[in-house]
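What follows is one structure encoded as structure tokens, with my remarks underneath.
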Amino acid sequence: MNFKTLNATFVRNFIVQLRAYPKEFFIGNLLTGVYTSLSAFFMYNLLFKGNMQTSFQQYAGTGDYISYVIVGTAVYLYVVRTCLNVSRSLITELRTGTLESIMIAPFNRIQYFVGSMLQQTITTSGEIIIAIVVSIPFGLKFPNFNLISFIISFIISLFSFFSLSMVLACIMLYFRDTYISQNTLFLALFLLCGISYPVQYLPKVVRVASNLIPITDAVTLIRGSSLLGLGIKDQMGTMLYVFILSAAYCVIGFKLMKRIEYIALEKIQG
């Protein structure tokens, strides 16, 4: 199978990131994870005085608030970096004047976006690993880490991030805007997907919307395998649900994409 589009996109994005976004950008993203660890540490020890309600342990499956928040935020950073950079790929092409050239060229959409996703995953993984290591002195623990279950959960979670980015890409390209759409979405994800607290604390109506976002259960999968030690069998139902929901998002995103591209090109021609 020919992977020229995937490879070209992967290499090009790495070159652009190294030249246009130097080490200061890497450090800035890394500090976000460090600040999260510090805030979780101080909230738990100064604000909560080391005490959590029994309902938190019941909903979260663990009383380790610091690890719960840090792991959730690490997943959220993956969501932001991958969804943001993958979804705005085409609108970046539009702004730089290369969208028409891509449309004329033998353009494989799946390989194009997968190449962007792969590049962002590798870059973000480096940042997250360093942030995790820095967070250990502040109380981050993995007493029941299940490696096999974590790998499967991580792959499924990446698929959910990718599928969500396809829908966001359609929205961005149609409105020719990245700032409002991306920030609105990321704020909604932070509030609805259980990043810093269990979704059971949300009102029932809001919880319905939360369960229709694949990121919610993706966070649950990562926490289950890294903090609770849950195996593949224990999380099989959640894994299947995230995969099916993500597949639906992905199909909708690619179906809309072709139509949105034509609309974007028509707007260029005026």
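The values are calculated or read from the model by the stated rules, or taken from the named source; none is laboratory data. Predicted model, so just to flag it, every value in this text is computed and none were measured. Using ideal geometry, Cβ is built from the backbone for each residue, glycine included, and neighbour counts are taken over all protein chains shown.
Scoring ARG109 on the criteria (1) among the charged types (D, E, K, R); (2) touching a Leu at 6+ places or on another chain (Cβ under 6 Å); (3) under 20 Å from ILE263 (Cα atoms) leaves a single failure, condition (2).
Are any residues in the range 194-212 under 20 Å from ILE66 (Cβ atoms) and either in contact with a strand residue (DSSP E or B) (Cβ under 7 Å, 6 or more places away or on another chain) or hydrophobic (A, V, I, L, M, F, W, C) (or both), and if so, which ones? I'd like the intermediate steps shown before the answer.
Applying the first criterion (under 20 Å from ILE66 (Cβ atoms)) to the range 194-212 yields 194-201.
Answer for the range 194-212, where residues must be under 20 Å from ILE66 (Cβ atoms) and either in contact with a strand residue (DSSP E or B) (Cβ under 7 Å, 6 or more places away or on another chain) or hydrophobic (A, V, I, L, M, F, W, C) (or both): ILE195, VAL199.
Taken together, PHE186, PHE162, PHE107 contain a single residue that is at pLDDT 90 or above and of a type in the set (Phe, Trp, Tyr), which is PHE162. Criterion applied to GLY115, GLY139 was being at positive phi and touching a helix residue (DSSP H, G or I) at 6+ places or on another chain (Cβ under 8 Å), and the one residue passing it is GLY139. Only a single criterion out of (1) assigned to a loop (DSSP other than H, G, I, E, B); (2) more than 26 Å from TYR68 (Cβ to Cβ); (3) not acidic (Asp, Glu) is not satisfied by PRO143, namely (2). The helices (runs of 4 or more DSSP H) falling completely within the range 28-122 that include 3 or more residues that are surrounded by 22 or more Cβ atoms within 10 Å (Cβ to Cβ) map to 65-87. Of everything in the range 92-110 that is more than 19 Å from the chain's Cα centre (by Cα) and touching a residue at least 24 places away in the same chain (Cβ under 8 Å), the residue that is nearest to LYS255 (Cα to Cα) is ARG109.
Yes/no per residue for (1) modelled with pLDDT under 95; (2) closer than 18 Å to THR82 by Cβ:
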| position | (1), (2) |
| --- | --- |
| ILE128 | yes, yes |
| PHE138 | yes, no |
| LYS141 | yes, no |
| ILE156 | no, yes |
| ILE180 | yes, no |
| ASN211 | yes, no |
| LEU221 | no, yes |
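None of LEU221, LEU245, LEU191 is over 25 Å from PHE113 (Cα atoms) and either in contact with a helix residue (DSSP H, G or I) (Cβ under 6 Å, 6 or more places away or on another chain) or not β-branched (Val, Ile, Thr) (or both) except LEU191. Residues that are without any contact (Cβ under 8 Å) to a residue 60 or more places away in the chain and surrounded by 19 or more Cβ atoms within 10 Å (Cβ to Cβ) number at least 3 in the following helices (runs of 4 or more DSSP H) confined to the range 180-270: 214-226.
The residues in the range 214-242 that are more than 17 Å from the chain's Cα centre (by Cα) and either at positive phi or β-branched (Val, Ile, Thr) (or both) can be counted, and the count is 3. For the range 100-134, what are the residues that are among the hydrophobic types (A, V, I, L, M, F, W, C) and under 18 Å from VAL11 (Cα atoms)? Once the filter is applied, which keeps residues that are among the hydrophobic types (A, V, I, L, M, F, W, C) and under 18 Å from VAL11 (Cα atoms), the range 100-134 yields ILE102, ALA105, PHE107, ILE110, PHE113, VAL114, MET117, LEU118, ILE122.
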